[in-house]
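Below: the structure, in structure tokens.
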């Protein structure tokens, strides 16, 4: 597959202050890309942007006007926009019966509607450059687990990307989705360290589905995907098998092992809620800590 040179290519990246966004931005900078990074964590954003000579823009992806202003600033200062990457994301853990509606709504607002607003704001500029649109989805696009219904719901970004791809292909624009499994970021570490029920849920997953992979593996796959203007990027590559076999994953037989562990996971979560006074557990790469609401 022919590659697309990233030198002097201009990027707008949301969720660029930490985690996969930050690490990938560093790799893109090393290849000569010019970057505008968007995040809510202004301190972390400034640190990352300064080290990469990148444009730092503090904005909330759930605010369309803010994203339009961020895009216009990026275009003005970078001289145009070749790539928009909707990467900002958060997660919430807990069974549907115990998930606070505000926590569920916020997850959907950031991960799904925020991706739409990011791309909606940037799309005219990307079309003008016959560029590339990327969405961070997840391996959860193909395999859904108990306790993470809100996060699973937001993997609708794949459907959004598929529809957009057909709309913009005649304009010369390519669209891709990124599907990482558990990556060693602040978000995953915080959940593992602080939410016992989350640990138990992960432990119930079969084989490699419970494994955490280094950020470098995600960076390598994503940068390669940008160079190829790929339709899909899988981290690690074996996740492609889940994409091919998704229809078989959620059958009674395939779900049997996970379902067997659900009572223990739910009991653990209920105990944590009772002992810690939690009604929701939300974490994000911008907070460096679990957000708890009484």
> Cα-based Rg (one decimal) and Dmax (whole number) for segment 142-253, in Å?
Replying inline: 15.5, 49
>> Give me the one-decimal nm value for the distance between modelled label points at residue 237 and residue 159, 7 Å along each residue's Cα-to-Cβ direction.
In response: 3.1 nm
>> Can you tell me what share of the DSSP beta bridges in the chain is antiparallel? A percent to the nearest 5 is fine.
In response: 20 percent
> What is the extension gain from residue 63 to residue 213, computed as 0.36 nm multiplied by their sequence separation minus the C-alpha to C-alpha distance, in nm to one decimal?
Replying inline: 50.8 nm
> For segment 196-216, list residues with backbone N below 17 Å from a point placed 7 Å from the Cα of residue 254 toward its Cβ?
Replying inline: 205-210
> Between the helical axis of 19-30 and the dominant principal axis of the chain, each derived from Cα atoms, what acute angle in degrees is found, rounded to the nearest 10?
Replying inline: 30 degrees
> segment 173-218 to segment 94-160: how many Å between their Cα centroids?
Replying inline: 16 Å
>> What do you get for the angle between helix 64-78 and the principal long axis of the chain? Use alpha-carbon atoms, 0 to 90 degrees, nearest ten.
In response: 40 degrees
>> Going 7 Å from the Cα of residue 50 along its beta-carbon direction, which residues of segment 70-84 have the amide nitrogen within less than 15 Å of the resulting point?
In response: none
> If you count, for each residue, the other Cβ atoms within 10 Å and average over each peptide, how do 209-215, 126-132 line up from highest to lowest?
Replying inline: 126-132, 209-215
> Along the Cα-to-C-beta direction of residue 128, a point sits 7 Å from the Cα; which residues of segment 4-19 have their amide N less than 20 Å from that point?
Replying inline: 8-14
>> Taking a ≥ b ≥ c as the square roots of the Cα gyration tensor eigenvalues, with a/c under 1.5 meaning rounded and otherwise prolate when a/b beats b/c, else oblate, which class fits segment 95-152?
In response: oblate
>> From Cα pairs below 8 angstrom and at least 6 apart in sequence, can you work out the relative contact order of the chain, rounded to a whole percent?
In response: 20 percent
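So what is the calculated 222 nm ellipticity per residue for the chain, using -39500 (n - 2.57) for each DSSP H run with n of 4 or more, over all residues, to the nearest 500 deg cm²/dmol?
-15000 deg cm²/dmol
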> Which whole-number value in Å³ per residue fits the convex hull of the alpha carbons of segment 1-78?
Replying inline: 98 Å³
> Sorted from largest down, what three extents in whole angstroms do the Cα atoms of segment 101-206 have along their principal axes?
Replying inline: 48, 30, 21
> What is the Cα convex hull volume of segment 36-158 when expressed per residue in Å³?
Replying inline: 107 Å³
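Every number in this text was worked out from the coordinates using simple rules, so none of it is lab data. Since this is a predicted model, take the numbers as computed values, not measurements. Cβ: placed from backbone, ideal geometry, glycine included. Neighbour counts: every protein chain shown.
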